[in-house]
Every structure is written in structure tokens, then in C-alpha cells.
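The structure under discussion appears below in the form of C-alpha cells.
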Amino acid sequence: MFTNEQTKKILEKAGILAGRDFDEQLKNAAEEGKSIEDYLIEKKVLTSSSLYEAAAAYFNVPFISLKDQTIRKDILLSIPEPLAATHNLIAFDSDDKEIKIAVTDPEDLEIFEFIKKKTGLEPKINLTTPESIKETLKQYHKTLKAELNYLSGDNEQKGETMAGGGEDLKKLAEDLPVVRIVDTLLEYAIFEDASDIHIEPEEKDIVVRYRIDGILHNVMVLPKSAQLGIIARIKILANLKVDEHRLPQDGRFKITKDEYKVSFRVSIIPTFDGEKIVMRLLNERAQILTLEQLGFQPKSFEMVKRNISKPHGMILVTGPTGSGKTTTLYTVLNILNTPKVNISTIEDPIEYRMPHINQSQVSPKIGYTFAMGLRAFLRQDPDIIMVGEIRDEETAEIAVHAAMTGHLVLSTLHTNDAVTTLPRLSEMGIPSFLIASTTNIIIAQRLVRKICTNCIQSYKLDKQTVEELTQQLDIPRILNKLEKEKIIADAEKGLESLLFYRGKGCKRCNNQGYKGRIGIYETLEIDEKISELILQKAPINEIKKHAEESGVLSIVEDGFIKAKNGITTIEEIMRVTKE
């Protein structure tokens, strides 16, 4: 499906429809709630073939009709069916250097790059009609579905035997179509930079979703008949019990290629329609970011640098699950990682391997907890200790005592902002004088999606949005803070006078308008005044007031600065900060 602008240029170049006539037809199509493409074909202004032949000339690629063309099975299956159906493309010919692909969108560059990596051949793009693709996709059903046929629900007796018999399931997991589907799911997830893969059985099919930049997206729908095979295949990869269907299971496996090395953490749970699989992807070759890349504002950046150079005390990072806390800690560890210090970490799980750092993973099954690991570390002559998370009183107590006795301790907690971390430590039984004397800095954070730089555009907030934001947030205070930070010239003019940004949506960002993520932060340094307030057991509001007066940016304020600077959107800030 082409954009309106593209369709207009295609038809103008081919001399089918002049600009003014096109605008009139576009208006009519909009009134009927139809795309211009469907409307023109329906009104017989043109045919699908004439439109796509004209488009082929416009994009300077060959046009191909796949009608009545039988494609060699090995060529057809070089692009798996779920991918072909999702991206409307068909591989119809190849030699030892090139693979010829029929597509409806010649600008889907990311998928062409994926095909090039997957097949090792140079994609040669040909344009065809959507009807042609739809018809040719049926050839998959004769191949892939025929191969999967013996798994189908029609043969219930066989299905029951499969579900019970481990050996049958192992054979099934080695079947070529099953291997092909699973390989594609994993490779495509790596290519799309997904952080998680969800394979969810439903009554009549299997839905596959990827979490990309923190948001789940439907990627493909697989036939129900493939369910047993796919689950068995992933269980074998993760070294799990193939014939266990009633209990949750956890495992892991690794894929190593020249371009990447990715670990998959696998979690399987039984559901009504079968077993649901979630796989977390951990790229072991991912570059560790610098503090600058994380997105700290200048003052916060200086604060963090100052506190990580201290020889002892606690550096705490807080926020909900999936807010990038571990990435921040790894970034700090990477700066501290020199031959002069002994660094030990206890994690659940170890997400990235770091050279010259002693990383240990908890194992509750055998009683190896954060507290036990932390206690053992103190006998290992450490300088710096990272604890994956302070979850209980015992871990908190040992961490605080380690910080007090000359160690630098890095850890995470689950609190909504930096200031509420202080009462949280009190609730865990840590005396006020220890909190005041050992805590160096608390960083609260969230992750927001970044606007796609390829399709960014500016706009002004409408009256209704301004009213909604005013109801939910203290807008005057935020604007005053933006003025103090020299982001805006005059806070008095209000939100409606400011330019903000968003992504229009393009091929590069899969029409999402976002590409990549960045952190928004609240950085609280425990200065003398805050230490005094902690010792006096001052109410949380008093500590917050002092933090604000000393210029600490809240998460929302940092978010608004990044939204005003065109890094993220107001919608993203609201999405991640609503409590």
C-alpha cells in the first residue's frame, strides 16, 4: 500500500490521473472511508495491474506477474511463510548470487536486509500486485501445511499420543518445517532488536508477539497444527523436559553467529489452550553505553560522576521492572572497572558478561540468595560490590554495613521516585543514621521511546491536550523549571505556545514514529541538609521540598526537557510516569 503522496506521483508520472483530478478522488475516497488505492480500483478508474505497473516504472524496478507460476519449493521456502505473509513478498527465483523477490512495497529496506543476511544472496526486487502475492501464498499451504498436516487437530488420536510421548515429540522437534519456523522466529527477533518473544497459543492458532522498545507488537500468526512441534523444539533448545505440560519450566540457550551472540532466557507456563512461551533476548555483544549516552542532564551527569568516584557508600538505582536499572549499573561498573579494583556482582540473572568482573548468579533452589552471596563476597577482599536487587531486610542490612566498612555498593530497589527510597530503607529496618551516612546518591529512572529521526515533525498542543495535562500535572512548576534550565524563554506564555515533536511514522521505524529508547531520570544526591532531615526522621514532603529547592529535576521534568528538545514525545512521558 503506497502513501497518498506516492500514489499521486505514480499516477501523474504515468499520465493516468492529473494532480487536481487526483485530489478530488482522494476527497471522495476519504468520505467513503476507503484508501485511495482501493477507491480507484473499485470505481474502475484503473486496475490493480495498471497501478502496480506504473509504480514499477516510478520506482525503477521490474514488474512481475506471478499468475500461474509454479515456484520451486526450495526457493519459495527460503523465506518462511509467516514472514512472507506479514511483509507481502514472495521469493520466486534464485541463482548462486541473487534471490528474486516479488513485493508490493519496494521500500521495505529492513526486510530486504534481513533476507540478504538469512539467505546470503543479494535480493533482486520486482514489483507485483497484492492479489498476485495473496494467490501465490497459497503455494505455501500446499508445502508447509502439508508437511505439518500429521500434527493437525483432525487426527486427535495422534495428537494425544504426541502430547504424551516424549520420543514422538523429540522427533517432531527435529522436523524441517518446525526447525525452519523456530529459526525464523529467533533470527527475525534478533534482527528487529526485540527484547522478548511471546508465543501464545489460542483456540484456533498461535500468536507470536515481539516486545520492541518496550511495547508488544503482533508479528505473525501460525497454524495451531504447528503448536506441539514449536513448543517441543524450544524445550529441546533450552534443555527442558519435553513431555512435561502441566508445570512451569525455565531454561536458557544461546545462538552464536559471526554478527551476533544472543542468549535466550526461556519461561514456559501451562495455559488453557496449551503452553505459553516467553523468551527474553540478551545480546552478549551489545556495547555497554557511556553515561553520556544514557541521557543524563548536565547537572545530574556531574552528580553521578562525582559520586561514583567516592571510595565507599551506596549508589542506588530505582524504578519499576524494565526501566533500564541494570543497564545503568553496568554502565557505572564499566567506568569503575580497572585493574586496581576487585569487583564482584551477585545477579538474578547475569544479563551481560563483563570482562575482569567476578559475576555470580543467585540460585534460590540451593539457598544461594542475594544475602548469602553478599556475605560471602565480604570475605573476598572486594572494593566494589553490585547486588542485583535489595529485596529483603537481610540483604539491605548487609549492603549498608558493607558500604559503611569501606566498600562501594551498587544496587537497585523498586520505588517510584528517588526520595521514597529513603523511607523504603527505613521500612527494611535500616536505622536512620546508617541511611544518612552510607547513601551517596539515588537515581530514579524510566525508559521512554525516542522519536524516529527519519520522520520527526513539530506541532503545537491543542487546547484539549493542554487542559488534560494541566489536570494531571503541576504545569506551572514544570514550565518554571524549564525556564530555569534555559530550555524555554518565558514560562508565562504557557504550554500552548511551545513547539513539541513527534514521529509521523515511516518504513525505518515500522510506522511507529519511534526508534530506540533513552532514560529519563531523577537524581538525588544525599547532601548535608538531606542527611540532617533523614536523621531527624523528617516527613517525605519536607525532603522533597528541599530537593526541589536545590534544583533536583523530577522524572517528569526531565521528560519534558527531552520532549521539548525533540528526543521523545509528551505521550511517552505520560505513558511511563503514570503511577
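Binning the alpha carbon pair distances of the chain at 10 angstrom intervals from zero yields the distribution 3, 14, 20, 21, 19, 13, 7, 2, 0, expressed in whole percent.
Computed per residue of the chain from DSSP H runs no shorter than four, each worth -39500 (n - 2.57), the mean residue ellipticity at 222 nm is -12500 deg cm²/dmol.
Summing +1 for each Lys or Arg and -1 for each Asp or Glu among the other residues whose beta-carbon sits under 13 angstrom from that of ARG424 gives -4. The stretch 28-55 and the stretch 304-321 have Cα centres separated by 59 Å. By a 1.4 Å probe calculation restricted to protein chains, MET404 has an accessible surface near 90 Å², given to the nearest 10. Within the accessible surface of the chain, defined with a 1.4 Å probe on protein heavy atoms only, the carbon and sulfur portion equals 48 percent.
Distance between the pseudo-spin-label points of LYS365 and ARG575 (7 Å out from Cα toward the beta carbon): 3.7 nm. Whole Å is fine, so just give me how far the alpha carbon centre of the stretch 338-393 lies from that of the stretch 462-514. Computed from Cα coordinates, the inter-centre distance equals 42 Å. For GLN361, nonlocal amide neighbours, meaning residues 5 or more places apart or on other chains whose placed amide H falls under 5 Å from its own, are GLU347.
Between 0 and 90 degrees, the angle of helix 463-472 with respect to the longest Cα principal axis of the chain falls at about 40 degrees. Residue by residue, the stretch 122-135 carries 3J(HN,Hα) couplings of 7, x, 10, 8, 10, 9, 9, 8, x, 4, 5, 5, 4, 5 Hz when phi is fed to the Karplus relation 6.51 cos²θ - 1.76 cosθ + 1.60 (θ = phi - 60°); x denotes Gly or Pro.
Against the main long axis of the alpha-carbon atoms of the chain, helix 4-14 sits at an angle near 30°. On the beta carbon distance between PHE59 and ASP273, with R0 = 35 Å, the FRET formula returns roughly 0.25. Annotation: for a label point projected 7 angstrom from Cα along Cα→Cβ of ASN510, residues of the stretch 560-574 with backbone N closer than 19 Å are 569, 572.
Beta-bridge orientation, the chain: approximately 65 percent antiparallel, per DSSP, counting only bridges with both partners inside.
Ordering of 286-292, 91-97, 434-440 by packing is 434-440, 91-97, 286-292, highest average first (other Cβ atoms within 10 Å, averaged per residue).
For the stretch 319-412, the set of trypsin sites (Lys or Arg not before Pro) satisfying both a DSSP loop assignment and a count of at most 10 other C-beta atoms within 10 Å is given as LYS340, ARG379.
Annotation: extensible slack from SER550 through ASN218 equals 115.0 nm (criterion: 0.36 nm per residue apart, minus Cα-Cα distance). Please state the relative contact order of the stretch 466-567 as a whole percent: Cα pairs under 8 Å, 6+ residues apart? Relative contact order of the stretch 466-567: 32 percent. Once the Cα-Cα distance is subtracted from the 0.36 nm per residue extended length, the LYS486 to ASN541 segment shows a gain of 17.1 nm. Amide H contacts of ILE79 (H built 1.01 Å from N, in plane; Pro and chain starts excluded): ALA91 sit under 5 Å, all sequence-distant by 5 or more or on other chains.
Residues of the stretch 482-508 falling in the label zone of THR470, defined by backbone nitrogen less than 19 Å from a point 7 Å along Cα to beta-carbon, are 482-483, 490-500.
Between ARG246 and LEU378, the contour length at 0.36 nm per residue exceeds the Cα-Cα span by 43.4 nm.
Computed from Cα atoms alone, the Kirkwood hydrodynamic radius reported for the stretch 496-579 is 15.2 Å. Annotation for LEU499 and LYS124: the two label points, set 7 Å from Cα along the Cα-Cβ direction, are 4.7 nm apart. Taking label positions 7 Å along the Cα-Cβ direction at both GLU31 and ASN239, the computed distance is 6.8 nm, reported to one decimal.
As I understand it, the value is the acute angle between the Cα axis of helix 48-59 and the longest principal axis of the Cα atoms of the chain; what does it come to in degrees, rounded to 10? With rounding to tens, the tilt is 60 degrees. Over the chain, accessible surface divided per residue gives 50 Å², non-protein components excluded, 1.4 Å probe. Note on ASN4/LYS261: beta-carbon distance plugged into 1/(1 + (r/R0)^6) with R0 of 60 Å gives a FRET efficiency of 0.90.
The values are calculated or read from the model by the stated rules, or taken from the named source; none is laboratory data. Owing to the predicted nature of the structure, the values given are computational and were not obtained by experimental measurement. Note: ideal-geometry Cβ built from the backbone for every residue, glycine included; neighbour counts use all protein chains shown. These accessible areas exclude ligands, DNA and RNA; they are computed on the full protein's heavy atoms, side chains included. Shrake-Rupley method; radii C 1.70, N 1.55, O 1.52, S 1.80 Å.
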